[in-house]
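The values are calculated or read from the model by the stated rules, or taken from the named source; none is laboratory data. Since the model is a prediction, treat every value here as computed from it, not as a measurement. Glycine also receives a Cβ, built like all others from the backbone with ideal geometry; neighbour counts cover every protein chain displayed. SASA here: full protein model, heavy atoms, side chains in, ligands and nucleic acids out. Shrake-Rupley method; radii C 1.70, N 1.55, O 1.52, S 1.80 Å.
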Amino acid sequence: MSNRERILELSLTLMNEEGAAAGTTTRIAGELGISPGNLYYHFGNREEIVRVLFDELDKELRAVLVEDVGPPISPARFAAFYLRSFDLAWRYRFFFGGLLGLLRRDDVLAARYRDLQDWGIGELERIAGQLVKDGNMTRPGGRGGLRSVALNTWLIWMNWIRFLQISGKRAIEHEDMADGASQLFDILAPYLDPAFERSARRALARDLPR
């Protein structure tokens, strides 16, 4: 593993365990046993490290939203989509927990996040629309329709970690993602075909982290 890879790996571990503020360049260099100059050869500051980690999150989320959710979407694939999205939130939980502070510190990161957000909400709307085309979901009424469902899905996914933090939970565990996945599923559940919903819930319950 190169020093660059080691820096990214340790940064992700530290920030996930202790929050984004823990990933200082001085601490990372010290724990890796390398000189600050060696670290700065790869990354000019902490913001650059966070940007690279976000780029990995961006790439993985785009894969989650387009891979294995092509037509028709089976109940098992539908459930797996939610599980994969929350597993991703867990693996980059420092970003979700410290989102506002990170974006305020870095205009470049904020612009990249907005691009991902716009794209992600559009893809969630497409997935919901595909369920309607497959005959497994009734199109939501109201002015927002599918767009509103997609937006609510994004909001819960992006804010689940912070919800747990604000709720006073001392240590967030991987198992806590199960409740988030179930909550996310509930957004579409009222519109789903009953047989499709039952099958998807069975698949979700079977594969949730314990």
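Residue under question is R104, and the condition is that it be closer than 23 Å to T24 by Cα, of a type outside the set (A, V, I, L, M, F, W, C), in a helix (DSSP H, G or I) and without any contact (Cβ under 8 Å) to a residue 12 or more places away in the chain; does it hold? So R104 fits the description; yes. Here L151 meets each of (1) among the aliphatic types (A, V, I, L, M); (2) open to solvent by 70 Å² or more (accessible area, probe 1.4 Å); (3) not in a helix (DSSP H, G or I) with one exception, condition (3).
Going by the structure shown, is W119 in a helix (DSSP H, G or I) and buried (at least 16 other Cβ atoms within 10 Å of the Cβ)? No; evaluated as a whole, the condition is false for this residue.
Out of S182, S199, one residue alone is open to solvent by less than 50 Å² (accessible area, probe 1.4 Å), polar (S, T, N, Q) and touching a residue at least 40 places away in the same chain (Cβ under 8 Å). It is S199.
Is it true that some residue in the range 179-201 is part of a helix (DSSP H, G or I), more than 18 Å from M15 (Cα to Cα) and basic (K, R)?
Start the filter on the range 179-201 by keeping residues that are part of a helix (DSSP H, G or I), which leaves 179-191, 194-201.
When the remaining residues are screened for being more than 18 Å from M15 (Cα to Cα), the result is 179-191, 194-201.
Now narrow it down to the ones that are basic (K, R): 198, 201.
Yes: one or more hits.
Condition check ((1) under 12 Å from the mean Cα position of the chain (by Cα); (2) within 30 Å of I187 (Cα to Cα)) across all residues:
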{"residue": "I34", "(1), (2)": "no, no"}
{"residue": "V50", "(1), (2)": "no, no"}
{"residue": "D58", "(1), (2)": "yes, yes"}
{"residue": "S74", "(1), (2)": "no, yes"}
{"residue": "L102", "(1), (2)": "no, yes"}
{"residue": "D115", "(1), (2)": "no, yes"}
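The residues on offer are L39, L10, and the sole one that is in contact with an Asp or Glu (Cβ under 7 Å, 6 or more places away or on another chain) and either among the charged types (D, E, K, R) or in a helix (DSSP H, G or I) (or both) is L10. If I ask for residues that are free of Cβ contacts under 8 Å to residues at least 60 places away in the same chain and open to solvent by less than 80 Å² (accessible area, probe 1.4 Å), which ones from the range 156-168 would you list? Passing the criteria: I156, L164, S167, G168.
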